1. Does residue 103 satisfy being under 21 Å from residue 60 (Cβ atoms) and in contact with a helix residue (DSSP H, G or I) (Cβ under 6 Å, 6 or more places away or on another chain)?
2. Name every residue in the stretch 225-243 that is in contact with a Lys or Arg (Cβ under 9 Å, 6 or more places away or on another chain) and farther than 20 Å from residue 190 by Cβ, in order of residue number.
3. Determine if the stretch 336-353 includes at least one residue that is outside any strand (DSSP E or B) and without any contact (Cβ under 8 Å) to a residue 12 or more places away in the chain.
4. Filter the stretch 103-133 for residues that are touching a residue at least 12 places away in the same chain (Cβ under 8 Å) and among the polar types (S, T, N, Q); which is surrounded by the fewest Cβ atoms within 10 Å (Cβ to Cβ)?
5. What tally of residues in the stretch 137-161 results from selecting those that are under 27 Å from the mean Cα position of the chain (by Cα) and loosely packed, with under 14 Cβ neighbours inside 10 Å?
6. Any residue at all in the stretch 309-325 that is under 27 Å from residue 233 (Cβ atoms), of a type outside the set (Phe, Trp, Tyr) and over 29 Å from the mean Cα position of the chain (by Cα)?
7. I'm trying to understand the selection: among the residues of the stretch 62-90, which are closer than 20 Å to residue 4 by Cα, over 34 Å from the mean Cα position of the chain (by Cα) and not hydrophobic (A, V, I, L, M, F, W, C)?
8. Among the numbered criteria (1) at pLDDT below 90; (2) over 20 Å from residue 114 (Cβ atoms), which single criterion is violated by residue 171?
Amino acid sequence: SERMEYYHEHAVQLLEMAGAYICLCSGEKFKEIRKSKQECSHRHQDIEENLDLWMQMKDGRLNPGDAVMRVKTDMTLPNPALRDWPAFRIQDTKTNPHPRPNIGSRWRVWPLLDFQSAVEDHLQNVTHIIRGKDLMDSTRKQVLLYEKFGWQYPTTIYWGRVKIHEYGGFSTSQIRKGIESGKYSDWDDVRLPTIAAMRRKGMNAEALKAFWIELGLTQKDISVPLSSLFSHDTKIIDMKCPRISFVREPKPLELVREGLPTSITVPSHPEHSDFKPREIDLSAKIIMVEKADLDEALSKSNKFRLKELADIEITEGKAIITSIDSAGGLKIVHWVANGNEANLYYNEDDEIGCQKGILEGHSHPIGTQVQLERVGYAIIEETGLVLSHN
């Protein structure tokens, strides 16, 4: 939108070269003309008439739907999409102004993508275009436009459609409608497959790069699971993420042992001694463990090991510490002492799920990515935690 003047300049140049014309046919009428491989009467207007109609499009004498600017090609071309394709149309920017205040209703006549991107690629000295194979017709249209201007068209490489199993089919227009209707909060809604949503969830840019390099450029349509992307992300973020505990469906246990310390220090990362250690207050002698872990222990030996603390045996709702040192062979579970209530938000079947739990006390600032032990990676937000992935 900030470069609209350049697109308008090239539109006028094309009209002055008799390489385009202003068409006053309705969409339905031109559809029939194109289908019959005939030329519409406006195709034979002289240059001055086309330039006058162009000004009428810009100054409001022509309304949306009254006229479009078409690139003059060949109405007998085998591919109907290439026959005198539209390059500019009138938008009702009074009723629907551009969302950016500095643009607003300034421009009434807007280029369509095939014209805009073609001119922009030339102005930016683009030498190679990488695009989906579904845009092959765009290449064909743009080649015809480049020939009119006497430009050299960039080398074009195509890729096939990449489908992510968990997301199914999404399009920009569908997402925009979902945002406008209130189904999605914004472009960074955690349910969406957008860059903004991935950034919000803490997805590393290098992981995305590695993911696409691994897939390679091929015209073959492929379908991949999100776990493939997550595996790349884990390799990058695991060494950076401090560990904290988040207990889902918390159940209290009283720690029982003579001489139990009132606090302990545990590492924030198993391989980074330079990370600030976690100070855990045990003065209340009450800890929270996950219901699933407790139920499993009660159905078996009544024993498990509290990570970084002790082996315990559960007796009458109390956690009897049997050994500070690990005796081996026991399931290791995470736990929280003196934690705070917190919500963990995640994407599940195009709905935002909310897992309530108890989060270990911490001093990490908003925006920090952490590993919730035995749960997954998450971003700390003001309203809780947003799950990145497991």
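The values are calculated or read from the model by the stated rules, or taken from the named source; none is laboratory data. Note that the coordinates shown come from a computational prediction; the quantities given were computed from them, not determined experimentally. With ideal geometry, Cβ positions are generated from the backbone for all residues, glycine too; neighbour counts draw on all protein chains shown.
1. Working: under 21 Å from residue 60 (Cβ atoms): yes; in contact with a helix residue (DSSP H, G or I) (Cβ under 6 Å, 6 or more places away or on another chain): no.
So residue 103 does not fit the description; no.
2. Initial filter on the stretch 225-243 (in contact with a Lys or Arg (Cβ under 9 Å, 6 or more places away or on another chain)): 232, 242-243.
Hits for the stretch 225-243 are 242, 243.
3. Looking only at the stretch 336-353, we keep the residues that are outside any strand (DSSP E or B), and these are 338-339, 349-350.
With the extra rule that they be without any contact (Cβ under 8 Å) to a residue 12 or more places away in the chain, the set shrinks to 349.
Yes, because at least one residue in the stretch 336-353 is outside any strand (DSSP E or B) and without any contact (Cβ under 8 Å) to a residue 12 or more places away in the chain.
4. Initial filter on the stretch 103-133 (touching a residue at least 12 places away in the same chain (Cβ under 8 Å)): 103, 105-123, 126-133.
Next, from what is left, pick out any that are among the polar types (S, T, N, Q): 105, 116-117, 127.
On the way: 105: 13, 116: 18, 117: 17, 127: 9.
Selected residue: 127.
5. Here is the first cut: in the stretch 137-161, the residues under 27 Å from the mean Cα position of the chain (by Cα) are 137-139, 156-161.
Those left that are additionally loosely packed, with under 14 Cβ neighbours inside 10 Å: 157, 161.
Qualifying residue count, the stretch 137-161: 2.
6. First pass over the stretch 309-325, keeping only residues under 27 Å from residue 233 (Cβ atoms): none.
Looking through the stretch 309-325, none of the residues is under 27 Å from residue 233 (Cβ atoms), of a type outside the set (Phe, Trp, Tyr) and over 29 Å from the mean Cα position of the chain (by Cα).
7. Within the stretch 62-90, 63, 70 meet the criteria.
8. (2)
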